[in-house]
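Data block below; observations after.
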Amino acid sequence: MSKPERYASRPPELHSPWRTEARVALQAEARAFAADVVMPIADELDPQKAEMPRSLIDAMAQKGWFGLTIPKEHGGLGLGVFEYCLVSEELARAWLSVGSILARGQGLGTQTLDDERRIALLRKSARGEWIGGIALSEPTAGSDLAGVQTRAVREGDHWVLTGTKRWAGFALAADFVEVLARTRDPEEGEPRSAGLEPFLVVKQPGTFPEGMTGHVIDKIGYHGFLTFELALDGVRVPEGDRLTGLYGDGGADADSGGFASVQRGLNIARVHTAARAVGVARAAVEDSQAYLQEREQFGHPIGEFQALRFALADMAAEVNQARAYWQQVAHLLDEGEPAESESAMVKLLATEMAVRVTNQAMQLHGGNGYTTERRVERYWRDARLTTIFEGTSEIQKRIISDRMLPKG
């Protein structure tokens, strides 16, 4: 039996209370697209550390997935965080970065000060014609975003940005890059995040704008789009491209400031990461299930050996547990709950699970798992990153514990 081209095991189903016919249809559509379209591209391009082709992005755009969470009146599908994560799990099962590219739409880069322009950009975002990169972190500011030092200085009707940004994925291919910069230092008694605002740097895909240069960071995984360190040396941004928030509509309290919107958006991003981690771990389980039936030793398929059967059972149980939790937390967010602790918990649980499960899948594959002939090594490399981006596991533990215990 050769390496399976489609998923070898029965994929997960939606159960009550989350099951609706519309969600079942959406899940099936995403699952088929991942198997038939994404997987062959991933198998070809991931070993090359190459970017996903624009044709793949356009195919997702045609399905409306870049507007999953954008209201229907602005050209989107008008769905929630649950559906956003549902599609992302399926896509990440084939290639993590394809599950991630959806976050570059969903109204990102639309929160301009001018309402008419904001609506026009929302429609472009929903059509997959306004896909961006995000430049938040810096060499000395990652988990601690309040430590951002990139400066934005007002000159007439423009802001001039100077500084260094790191981990800016998709920055070159993007239509824009959102840059978190400091307009002023915090005053006495203010939080360290005071003075941080997001700015919209509009650009042509495939080029950097004047004053911005970038070099590719060579990653061990998460291929499909390139990740950059950006140098900003006098990048000019019109006042109209200073944003009220980073993520989507910015929420009902968008006027609370750009940095607050980053925190709100991270709650959604963390649940999205949990769903993507579940997709990667599920891939490892499904491939391992097929391999245990394919590989023979001592005259029997190795899936007949109890130790390996029990390992697979543990893996499947952990994946299902994490899926149930992301579905619950996504529902809370759709109900308007902040769910900050829950978002941190599910991100922590699901990503650490993905590392364990993909590592065990490597073991079940034996020597074959330590080759590029099998996809399991891709899942293993990609899963490791999920514990780091959108806040490390240690940051999630801090968020959770700070809400459980008073500080001295």
Which one is farthest from residue 383 (Cα to Cα) among residues in segment 304-340 that are at pLDDT 95 or above and small (Gly, Ala, Ser)? 307
What's the number of the condition residue 88 fails, among (1) in contact with a helix residue (DSSP H, G or I) (Cβ under 6 Å, 6 or more places away or on another chain); (2) within 30 Å of residue 240 (Cα to Cα)? (2)
Within segment 204-235, the count of residues that are surrounded by fewer than 21 Cβ atoms within 10 Å (Cβ to Cβ) and farther than 30 Å from residue 355 by Cβ comes to 12
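Can you pull out the helices (runs of 4 or more DSSP H) entirely within segment 312-408 that have at least 3 residues that are open to solvent by 30 Å² or more (accessible area, probe 1.4 Å), in contact (Cβ under 8 Å) with a residue 40 or more places away in the chain and within 30 Å of residue 20 (Cβ to Cβ)?
Details: elements: 340-365, 376-386, 393-404.
Helices (runs of 4 or more DSSP H) meeting the threshold: 340-365.
Could you run through segment 113-144 and say how many residues are in a helix (DSSP H, G or I) and open to solvent by less than 20 Å² (accessible area, probe 1.4 Å)? Steps first, please.
Within segment 113-144, the subset in a helix (DSSP H, G or I) is 115-126.
Next, from what is left, pick out any that are open to solvent by less than 20 Å² (accessible area, probe 1.4 Å): 121-122, 125-126.
Matching residues across segment 113-144 total 4.
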Tally, over segment 27-70, of residues that are loosely packed, with under 15 Cβ neighbours inside 10 Å and either of a type in the set (Lys, Arg) or at pLDDT below 95 (or both): 1
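Tell me, which residue of segment 11-64 that is among the charged types (D, E, K, R) and touching a Leu at 6+ places or on another chain (Cβ under 8 Å) is farthest from residue 128 (Cα to Cα)? Talk me through it step by step, then tell me what you get.
As a first pass, look at segment 11-64 and keep what is among the charged types (D, E, K, R): 13, 19, 21, 23, 29, 31, 36, 43-44, 46, 49, 51, 54, 58, 63.
Checking which are touching a Leu at 6+ places or on another chain (Cβ under 8 Å) leaves us with 23, 51.
Values: 23: 21, 51: 17 Å.
If we take residues in segment 11-64 being among the charged types (D, E, K, R) and touching a Leu at 6+ places or on another chain (Cβ under 8 Å), then 23 is farthest from residue 128 (Cα to Cα).
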Could you list, in sequence order, all residues of segment 228-273 that are over 22 Å from residue 343 (Cβ atoms) and at pLDDT below 60? 255
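The values are calculated or read from the model by the stated rules, or taken from the named source; none is laboratory data. Everything numeric here is computed off the predicted structure, so don't read it as measured data. No Cβ is skipped: glycine too gets one built from the backbone with ideal geometry, and neighbour counts run over all protein chains shown. Accessible surface is based on the protein model in full, side chains and every heavy atom, while ligands, DNA and RNA are left aside. Shrake-Rupley method; radii C 1.70, N 1.55, O 1.52, S 1.80 Å.
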